Amino acid sequence: SSAASAHAAAAVVGKVDGGGGAASGAIAPLPAEVVAEVRAELARCLTEQGVQMKTAGQRATRLFEEAVQAFEGHSAAHFQLGVEASEAGDALRAKASYTTAVRLHPAYMEAWNNLGVACRSLGEPEQALEAYSMALKVNQNCKKTRENMAICLLELGCKSLQAKEWKQASSYLKQGLVYNSSNADLYFNLAVMYAERHKFDRARVHYELALQFEPRHMNAHNNLGVIHRRQGNLDVAARCFEEALKIDPKMPLANKNLGALYGSMGRMSEAISLTRVALDSNPQDAEACNNLALLYRDRCDVDLCLDYLAMCIKLEPDNPHAASNHLMSLNYQSEKSAEEVFEAHRAWGERTEANIKPQFTTYTSSVLPPVSPSFSSSAGAGGAAGSTGRAPPLKVGFISPDFYTHSVSYFIHAPLRYHDPAFVHVTCYSDVAIEDDKTQHFKRLVPCWRSTFGLSDDEVAKMIHDDGIEVLVELTGHTGNNRLAMLARKPAPVIVTWMGYPHTTGLTRVDYRISDEHADPPECPGMTTEKLVYLPDCFLCYTPPENAPAVSLRPAQQTYGAITFGCFNNLAKVSSATIRLWSRLLREMPGARLFLKSKALLCSEVQDKFRRAFAACGIESNRVDLSGLQPQTGSHLSMYNLVDVALDTAPYAGTTTTCEALYMGVPVVTLVGRRVHAHNVGASLLRAVQLDDLVASSEDEFVQKASSLAQHVARLGALRAGLRSRMERSVLCDGPRQAARLERLLASLAVNRNAPPGGMCSGAPPTAGAETAELPDKS
């Protein structure tokens, strides 16, 4: 046995080493090579005995140490000491033992493998990689070493991902698949890399591969759902999030993502419940607070919305999304004074500008950026830029995350389509996450298109500055995915805010806000940190959707037997003051009905909430028809055929919905007031189509105008027959005129850019018109 051999070897060594001197008849000393062989045999026997003891569940460290003492060159003993150290959690001592083992026996595959494991434990992935490579040189088919090599490459890939070193990350992760093509985490992290680089199709494929090899990879299910949601595959996205929650019902990310998805589909109660699960599992989750706030806002619980936003901001005082959501939500509160809402915006701007210093102080007009390959100069109104004898075109930039089928797209379409390339050189800075057909159409309308999605504010600011933009027009305000913090860096000498938000940005470094004399009357100076400038007639120009259905020529009451008022606005705009006002109208006309359509009204709980609100104002529930969103623009617009008269909301009036109603032949009655842009947009739109008589200045007048119009069947019929053509001929749809006026206004702002920015305007703000002598000429 090994034990017997060890004892025998030890006895021989004892005789060789023992004895105090030469004696008569003593055994002659053994040759050195024999002693070495005996010591090696002793070490081998002790090591084997130790392994047997370990197999029997006994401690054997002493035997391995004795083996090393007997013969320092026995690699297996060093290997076993390495195993002992590894099992004790001492990776540093294990590394030393394995290093000795491979030095003594360079073809010791197991020692090389375990050395790699020890190096990984010590946070030395590069050394681990080298050790695994040496092991595979001995046996390239060792499954365990190949798996370890793949894991090491995975760790290096993740490290590179965190550093945003995409090329290196891709190299490590793809090398990992060479060694283990069934490692789900390698596919998962490749997918993460592709998603970060906005290669969403590749990301989707690699998440699917990860799930092929690990069906219970809940992070892959969740992230695959995010990709499908981005690409508009909402039902598939929901199934992905649901699969993740089957694995872990409390997974915060999946609960928040499914909650947000359900919210976008109008399944409000389920959305709120899921988001609450995420918040309950982590009460410090600021994102869950923000998401809950927006869900409550969508169902018109604005007070609750503001409470959760306050929680979010308390947890993350510098959260820019929560801050903008808070300011946006204040516009919906009918109980807030105009002064309170303005002061909140101003204070936000002051804090932001205190934290972000201007990044640029000098501006130069550089060479024009290269023309986009998809741009056709025939799309513009004028000739080629830089014509002989003319000043170079004014370099104008538009920045927005909404260059796709979004409300803003219907109003920015005309300035892009009809811009004069001899007068302005247009660059669009697009923060669009997923582009659609409208995005592609917009690209063809302008000479320079920059995709800024995923870039930092510093990167975008530098891009705009390097492009030499002279006037930058932002189209977002405090709505989603805005770049207001980037604007605080002052990337252009003149910055203008326009159309996307019904209030001030709060930033004094945004020089101007474009409006008109109806939305912001000159006799009631707007509460704004920017200087107000006016476009004549109307500050907006609407481009109707090409797939708009035909107008039904019969008033709805003739078809359905009852006068029907309607509103398709965002439900958050249906404030308590609006409900009281509409209820007065319905009490005035006992036979009339009210038809509301909004995303959140798909939810039965939200429907019950609104029926109770109207019942509290004396309106029976059977007089109020409620509907969720329609899936397509065409079907959405067709529902205006069910409405006789559209009712505007207060204090936050409709914009896109008002234009849609008018285009479908349905007149809108609106209420002006409170010196606030958000309240007066409806008045601007109605006056643009010569429907001034439908603008009410008091609640009494609103009720009188709406009831009188609803009973004037002949006029309703005439409006249905002629309102679309009237609108198309009006300034509201006159794209060439609007584009020319806008360009003249922007040119005047560029000329006067040395005027001190910010502050409230007194008197009538400047306007853009042919009669304004100081404006540059256009031919």
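The values are calculated or read from the model by the stated rules, or taken from the named source; none is laboratory data. Please read these numbers as outputs of a predicted model, since none were measured by experiment. Quick reminder, even Gly has a Cβ in these numbers, built from the backbone with ideal geometry, and neighbours come from all protein chains shown. With ligands, DNA and RNA removed, areas are computed over all heavy atoms of the protein, side chains included. Shrake-Rupley method; radii C 1.70, N 1.55, O 1.52, S 1.80 Å.
In the neighborhood of Q704, defined by Cβ-to-Cβ distances under 13 Å, what is the net charge if each Lys or Arg adds +1 and each Asp or Glu adds -1?
Local net charge: -3.
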Checklist outcome for this item: Y404 neighbourhood, Cβ < 10 Å, K/R = +1, D/E = -1, net charge -3
Checklist entry - In terms of the Cα gyration tensor, with a ≥ b ≥ c the square roots of its eigenvalues, is the stretch 207-286 rounded because a/c is under 1.5, prolate because a/b exceeds b/c, or oblate? => result oblate
Item to check | Relative contact order (percent, whole number), the chain, Cα cutoff 8 Å, 6+ residue spacing | outcome: 9
Checklist entry - Quick one: with all protein chains in place, what share of the accessible area of the stretch 512-644 is carbon or sulfur, to the nearest percent (1.4 Å probe)? => result 50
Item to check | Rg in Å to one decimal, and Dmax rounded to a whole Å, for the chain via C-alpha atoms | outcome: 36.8, 143
Checklist entry - Whose amide H sits under 5 Å from the amide H of V432, counting only residues 5 or more places off or on another chain, with H placed in the peptide plane? => result F403, T452, F453
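Write down the accessible area per residue of the chain in Å², having rolled a 1.4 Å probe over the full set of protein chains.
Values: 33230 Å² over 779 residues.
Per residue, the chain has an accessible area of 43 Å².
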Checklist outcome for this item: Toy charge model, Lys and Arg Cβ at +1, Asp and Glu Cβ at -1: the chain dipole around Cα centroid in debye, rounded to 20, equals 1120
Checklist outcome for this item: Toy charge model, Lys and Arg Cβ at +1, Asp and Glu Cβ at -1: the stretch 212-328 dipole around Cα centroid in debye, rounded to 20, equals 260
Item to check | Candidate lysines - alpha carbon under 20 Å from K395, same-chain residues fewer than 8 apart omitted | outcome: K443, K462, K490, K778
Checklist entry - Which residues' amide hydrogens lie under 5 Å from the amide hydrogen of T564, considering only partners 5 or more residues apart or on another chain, with H built in the peptide plane? => result Q557, R593, D644, V645
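With a cut-off of 8 Å between alpha carbons and a minimum separation of six or more residues, what is the relative contact order of the stretch 620-704 in percent?
RCO, the stretch 620-704: 24 percent.
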Checklist outcome for this item: In the stretch 113-193, the GluC sites (Glu not before Pro) that sit in a DSSP loop and have at most 11 other Cβ atoms within 10 Å of their own Cβ are none
Checklist entry - For the pair N752 and S708, what calculated FRET efficiency results from E = 1/(1 + (r/R0)^6), where r is the Cβ-Cβ distance and R0 = 51 Å, to the nearest 0.05? => result 0.65
Checklist outcome for this item: For the stretch 124-233, the accessible surface attributable to carbon and sulfur atoms (probe 1.4 angstrom, ligands and nucleic acids excluded) amounts in percent to 46
Checklist outcome for this item: Expected field for E743, accessible surface area in Å² at 1.4 Å probe radius, rounded to 10, holds 10
Item to check | Rounded D (µm²/s) - the stretch 519-641, Kirkwood Rh over Cα pairs, Stokes-Einstein at 25 °C, 0.890 mPa s | outcome: 143
Checklist entry - Efficiency by 1/(1 + (r/R0)^6): what FRET value for C617 and E701, r their Cβ-Cβ distance, R0 = 22 Å, to the nearest 0.05? => result 0.70
Item to check | Cut-off 11 Å between beta-carbons: net charge of the residues surrounding A101, Lys and Arg +1, Asp and Glu -1 | outcome: +1
Checklist entry - In whole Hz, what ³J(HN,Hα) sequence does the stretch 397-408 give by Karplus (6.51, -1.76, 1.60; θ = phi - 60°), x for Gly and Pro? => result x, 10, 10, 6, x, 10, 7, 8, 5, 9, 3, 4
Checklist outcome for this item: Given unit charges at Cβ for Lys, Arg (+) and Asp, Glu (-), the dipole magnitude of the stretch 532-597 about its Cα centre in debye, nearest 20, is 400
Checklist entry - Ignoring ligands, DNA and RNA, what percent of the 1.4 Å accessible area of the stretch 380-494 is carbon and sulfur? => result 49
Checklist outcome for this item: Diffing the stretch 464-475: the Karplus 3J(HN,Hα) column from phi (6.51, -1.76, 1.60, θ = phi - 60°), in whole Hz with x for Gly and Pro, holds 5, 5, 5, 6, x, 4, 8, 10, 9, 10, 9, 10
Next on the checklist: Using amide H atoms built in the peptide plane, which far-off residues or other-chain residues are under 5 Å from G506 H to H?
Outcome noted: T529, E530
Checklist entry - Once you have the alpha carbon radius of gyration of the stretch 284-329, what is it after dividing by 2.2 N^0.38 Å, with N set to its residue count? => result 0.96
Checklist entry - Can you list, bin by bin at 5 Å, the percent of alpha carbon pairs in the stretch 73-187, starting at 0? => result 2, 15, 21, 21, 18, 11, 8, 3, 1, 0
Checklist entry - So what J values fall out for the stretch 636-652 if you push phi through Karplus, 6.51 cos²θ - 1.76 cosθ + 1.60 with θ = phi - 60°, rounded to Hz, Gly and Pro as x? => result 4, 5, 4, 5, 5, 5, 8, 10, 8, 9, 8, 10, 7, 9, 8, x, 10
Checklist entry - Looking only at the stretch 101-145, which residues have a backbone nitrogen under 17 Å from a spot 7 Å from the Cα of E72 in the C-beta direction? => result 101-105
Next on the checklist: Charges on Cβ only, +1 for Lys and Arg, -1 for Asp and Glu, centred on the Cα centroid of the stretch 489-639; of Q558, S598, C538, which one is farthest towards the dipole's positive end?
Outcome noted: S598
Checklist entry - Rounded if a/c is under 1.5, else prolate if a/b is larger than b/c, else oblate: which is the stretch 457-551, with a ≥ b ≥ c the root eigenvalues of its Cα gyration tensor? => result oblate
Checklist outcome for this item: Partner aspartates and glutamates whose C-alpha sits under 13 Å from that of K314, ignoring same-chain residues fewer than 8 away, are D285, E287
Checklist entry - Spin-label point model (7 Å from Cα, Cβ direction): what's the R93 to D235 distance in nm? => result 6.2
Item to check | Two-decimal Rg/Rh across the stretch 42-89, once Rg and the Kirkwood Rh are taken from alpha-carbon atoms | outcome: 0.94
Item to check | FRET efficiency for N547 and A433, using Cβ-Cβ distance with R0 set to 25 Å, rounded to 0.05 | outcome: 0.60
